[in-house]
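Read the figures in this text as sums done on the coordinates, not as results from a lab. This structure is a prediction, so every number in the text was calculated from the model and none was measured. Neighbour counts are summed over all protein chains in view; Cβ atoms, including those assigned to glycine, are modelled from backbone coordinates with ideal geometry.
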Amino acid sequence: MSVAPFRMAALMQSSMLRSPFNPIAGSDISRTAAAASELFESVTRRYRKPEWKLPTTTINGVDVAVTPRSVWSTPWCRMLHFERDAKALSNARGERTDPTVLIVAPMSGHYATLLRSTVEAFLPEHEVYVTDWSDARMVPVMAGRFDLNDYIDHVMNMLRALGPQTHVVAVCQPGPLVLAAVSLMAQADDPCTPATMTIMGSPIDARKSPTAPNKLAETRDLEWFSQNMIHTVPAMYPGAFRRVYPGFVQLASFMGMNLSRHVDAHHSYFQNLVKGDGDSTDKHREFYDEYLAVMDLSEEFYMQTLEEVFQKYTLANGTMMHRGERVDPGAITKTALLTVEGENDDISGIGQTQAAHDICVNIPESMRRDYIQAGVGHYGVFSGRRFRTEIYPRVREFMRAFQSEASRSSKRAKLKVVSE
């Protein structure tokens, strides 16, 4: 907030320098000063939650309108259904029934829209639902706390709302908690235990191939994190006085891991602004408008994640508890498992996701798959060209291999809107 007046001044200056009424607008000095003003504004802006921007999908050459609708909600999460226009969908696919998939988005600083390209890939052939987690700074204190137990409960309740034969995909951070939720549902012989579980680039066992974030979590005690990483939401927000792990702190950590790349990107952006290269600057803005939009996490969720996932490894070593009940991945026998890793992942190293196979000891070998994508880093596991052309097709075929005959031949009843 303290830089807001300077940001407004920079915007005004840029507008004046580029104005057609400015006699020196085309000069090198004017273009350079305007570019500097725009660069300052872009790096100091508070970025809003991005839009999904998925108005249509294409099925068998037919454009089908898509509308994201909230079909289940609590103060901490909405489950969005990317509803495809029924008439156009029928014309495009005929009587085919598409599998239902719940994509569990990370709650680690970025909004669920970070998975836009993931959703886009699934849309033509699936009924897609996504967890849209709330920004803790926007949740009033009266809504209560939100910790790991609550997260697991949310995943189980969404799977129950979707019903039997749902497929669940956990992208990055939610992997351990989705695995815990499926374990608990299997332990209870819940009929809504998912048909398949796909875990992508996730710290199931962060002891394997530890990365820079893993090592940081190990070298500091919880008190250090509490004193240095937790802050109070200012009075101007609905979540005023809630204790949170601010999204900008997480963002700074991620950017610091690849600082030279981000510096180079902004240097190129500045040069392209000076040259007036609109296509290049638009691509830069599109990426950073998404990347720099961050959300806060509740203190209890952040601190428990540190302790359970990155310091004590409770799921991996069999000591994880959920509301007094031990989580037993060995109870999973009917849910097929696919793990996906990126060869160059610098956030969840090779082996961390594969560890799911080590602890899900009673899933038959015929129901297991593991895939390592060559040449991609963390974000390449769920977005980009290789995700679309190499990873997604494998996930698609995996789901269909374990889709029951009953669900293939019957149409799923439309999910009723549920609010808690």
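So here's what we get for this one:
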item: Calculated FRET efficiency for the pair Arg385/Ser73, C-beta based, R₀ 25 Å, to 0.05; result: 0.15
item: Full-extension gain in nm, Glu343 to Asp358, via 0.36 nm per residue minus C-alpha separation; result: 3.4 nm
item: Label-point gap, in nm, between Asp153 and Ser366 - each point 7 angstrom along Cα→Cβ; result: 3.9 nm
item: Per-peptide average of other Cβ atoms within 10 Å, ordering 241-248, 83-90 highest first; result: 241-248, 83-90
item: FRET efficiency, 1/(1 + (r/R0)^6) with R0 25 Å, evaluated for Glu307 and Asn228 via beta carbons; result: 0.95
item: Cα gyration tensor shape of the range 339-402, rounded if a/c is under 1.5, else prolate or oblate by comparing a/b with b/c; result: oblate
item: Selection from Gly144, Leu102, His167, by position along the positive dipole direction of the range 90-208 (Cβ); result: Gly144
item: Extension gain from Asp85 to Ala401, taking 0.36 nm per residue of separation minus the Cα-Cα distance; result: 111.1 nm
item: The range 304-344: C-alpha gyration tensor shape, a/c 1.5 cut-off, then a/b vs b/c; result: oblate
item: Derived scalar couplings ³J(HN,Hα) [the range 97-106; Karplus, 6.51 cos²θ - 1.76 cosθ + 1.60; whole Hz; x for Gly, Pro]; result: 9, 8, x, 8, 10, 9, 9, 8, 7, x
item: Mean Cβ count within 10 Å, highest first, over the residues of peptides 175-181, 122-128, 142-148; result: 175-181, 122-128, 142-148
item: Projected label distance in nm at Arg48 and Arg326, using a 7 Å step from Cα toward the beta-carbon; result: 5.1 nm
